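Novice: Take this structure, written in structure tokens, and hold onto it; I'll ask about it next.
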Amino acid sequence: MQQIKYKRGFTLFELLVAIFLVGLVVYFVFATPTGYKKPKEKITISNLPNYLQKNLVGDGELICIDHCKECYYIGASPKPQPFNLPIIRNVVNEYIIDRGDNPAKLELGRFNDKKVCLRLRHYKNGSISQVILDLGDKSIFIPSYFGEGKEFGSVNEAADWWLRDSQNILRSRGDWYWKKLLLL
């Protein structure tokens, strides 16, 4: 009589151990431990434009109300999204340069029945509205695309910087922007 030999398969215990080991490998390779928190980027005047460019997506508008304590981003979503912007508080006025090369105060209107203190337009290409923010004791120049925000003692000093910076860009035929693009 012939003996029938059965092929031995895996036991349930062996299968459970294999699944457990695969799960551990996946956890350590792909997952981040829950206790780890990425350090928050500290927002300063100089990195504010870059912070806005990284954190605002698509075409939209950043609007701050209630002495800039509440900020909202209105973009692709029809509902305004809360946006945390702790460095800008108590913006007194927002300025642009008019056709006569003078600072012109902007009337920003109202949002949620509160006076708007900051309004920045954001575009798909990453640029934002170029403005001067008057904080009362100091003024901040916010460039539109590349560069760092700069702090000045007055709106007029910031306006002079804006005009000099614009002239330098025109004189260099935009080389400064191309260099920045290549360094990104």
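Quick note: the coordinates plus some simple rules give every number you see, no bench work behind them. Everything numeric in this text was worked out from a predicted model, so none of it was measured. Quick reminder, even Gly has a Cβ in these numbers, built from the backbone with ideal geometry, and neighbours come from all protein chains shown.
Novice: Can you tell me which of 128-141, 152-165, 91-104, 16-29 comes out highest on packing, and rank the rest after it, using the mean Cβ neighbours within 10 Å?
Specialist: Values: 128-141: 19.4, 152-165: 16.6, 91-104: 14.5, 16-29: 10.1.
So the peptides 128-141, 152-165, 91-104, 16-29, ranked by packing, come out 128-141, 152-165, 91-104, 16-29.
Novice: For TYR123, TYR73, what ranking results if the residue with the fewest other Cβ atoms within 10 Å of its Cβ goes first?
Specialist: Working: TYR123 15, TYR73 22.
Listing TYR123, TYR73 from fewest to most nearby Cβ atoms yields TYR123, TYR73.
Novice: In whole Hz and in residue order, list the ³J(HN,Hα) couplings for segment 128-142 that follow from phi through the Karplus curve 6.51 cos²θ - 1.76 cosθ + 1.60, θ = phi - 60°; x for Gly and Pro.
Specialist: After applying 6.51 cos²θ - 1.76 cosθ + 1.60, I find 10, 5, 7, 9, 10, 9, 9, 9, x, 8, 8, 10, 10, 8, 10 Hz.
Novice: What are the ³J(HN,Hα) values, in whole Hz, obtained from phi via the Karplus relation 6.51 cos²θ - 1.76 cosθ + 1.60 with θ = phi - 60°, for each residue of segment 71-82 in sequence order, with x given for Gly and Pro?
Specialist: 10, 9, 10, 10, x, 5, 6, x, 8, x, 9, x
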